[in-house]
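A short write-up of the structure that comes next.
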Amino acid sequence: MIDKLNMKAQFFDIYNLFPTQPFKFSYSIEDTSLLTLSEVVKAAAELPRHLVEYSTLPFQVKELSYPDIVGLLSSTKSWIILRHLEHIPRYKSLMNQLLNKLMGSNIQLSNQYFNPASFIFVSSPNFVTPFHIDPEHNFLFQIIGEKQVLVNDASIDPIISSSEIEDYYADECGYSLDFRSDYLSRLIPMTLRSNEGVYIPFTFPHMVFNGNDISISYSLTFRTKMSEHHRKVHLVNRALRLLGFRPRKYEVSGISDSLKYQLFPLLNLINR
């Protein structure tokens, strides 16, 4: 399926941005047949209903003809999200091949990842994806159309608080964050066209502005020991805060973070 995947990120080899900073990269995949709109429509009909999300479109994909779907996407500000495409064997194969290629690329992804997942985003012209964070490492590949991703480099200039991250981790069901106009100057704009992508570290706030055409993007996500350590320490901090304590923020003290990480199983036991 993926006979060729070349990935290049400007200055990546020098500064080794992965996995702590966002960066734009270029890529080349010879066969993208599974990522065309017609194939996405087929996949949407195969996935369980709860894994296909629609925004402002009052229909299921399988209820409309392909021309009708294209027409609605073109004339309304809408999106379709296909979650956990790996439930479909051919897309699981695509995801695994892509992961293998990433491991052999200059991204230097090790085999220490787990819970890989894949998503497809189809969005209307000029659609805006709200300001939000995600709990996983995220490689976003632009397949068709153009979009601008605005991401906050939280490793240098974080704009959301530790408590907001703690609350997000408490259920991971929330989507958008409150956005203030002064945030805009602290977001890095990255314009993506076909054969370009962006890496977004876990819990780095971002939002997306679609271009003037229908856009299709493919997202490959996974978790690592690093991301799980981040999640567990924040959840323990949240629990301590709810009990009236004032715990140190994440990464202020390595010893403190290590103790909290070890306390996490106890937190799970209490919550049962």
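Listed values, structure above:
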| item | result |
| --- | --- |
| The range 197-234-the range 140-168 distance, computed between alpha-carbon centres (Å) | 7 Å |
| Accessible-area composition of the chain, carbon plus sulfur, in percent [1.4 Å probe] | 52 percent |
| Among Phe245, Phe127, Phe25: highest mean-square fluctuation, GNM of the chain, C-alpha pairs under 10 Å | Phe245 |
| Per residue, the convex hull volume that the Cα atoms of the range 113-272 enclose (Å³) | 126 Å³ |
| Ranked packing of 26-37, 143-154, 251-262, most packed first, by mean Cβ within 10 Å | 143-154, 26-37, 251-262 |
| Ellipticity estimate at 222 nm from DSSP helix runs (n ≥ 4, -39,500 (n - 2.57)) divided over the chain, nearest 500 | -9500 deg cm²/dmol |
| Filter on Lys24/Lys232; Lys42/Lys147; Lys77/Lys147; Lys225/Lys260; Lys225/Lys249 - keep pairs with C-alpha separation over 22 Å | Lys24/Lys232; Lys42/Lys147 |
| The chain: angle of helix 89-103 to the longest principal axis, Cα-based, in degrees nearest 10 | 60 degrees |
| Between helix 37-46 and the chain: long-axis angle, C-alpha atoms, 0 to 90°, nearest 10 | 60 degrees |
| Inter-label distance, nm, simple model (7 Å from Cα along the C-beta direction), Asp31/Ser75 | 3.7 nm |
| Accessible area of Arg241 in the full protein assembly, 1.4 Å probe (Å², nearest 10) | 90 Å² |
| Per residue value of the accessible surface for the chain (all protein chains in place, 1.4 Å probe), Å² | 50 Å² |
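The values are calculated or read from the model by the stated rules, or taken from the named source; none is laboratory data. None of these values were measured; they are calculated from a predicted model. Please note: Cβ atoms are built from the backbone with ideal geometry, for glycine as well, and neighbour counts cover all protein chains shown. These area figures cover heavy atoms from the full protein model, side chains too; ligands, DNA and RNA do not enter into them. Shrake-Rupley method; radii C 1.70, N 1.55, O 1.52, S 1.80 Å.
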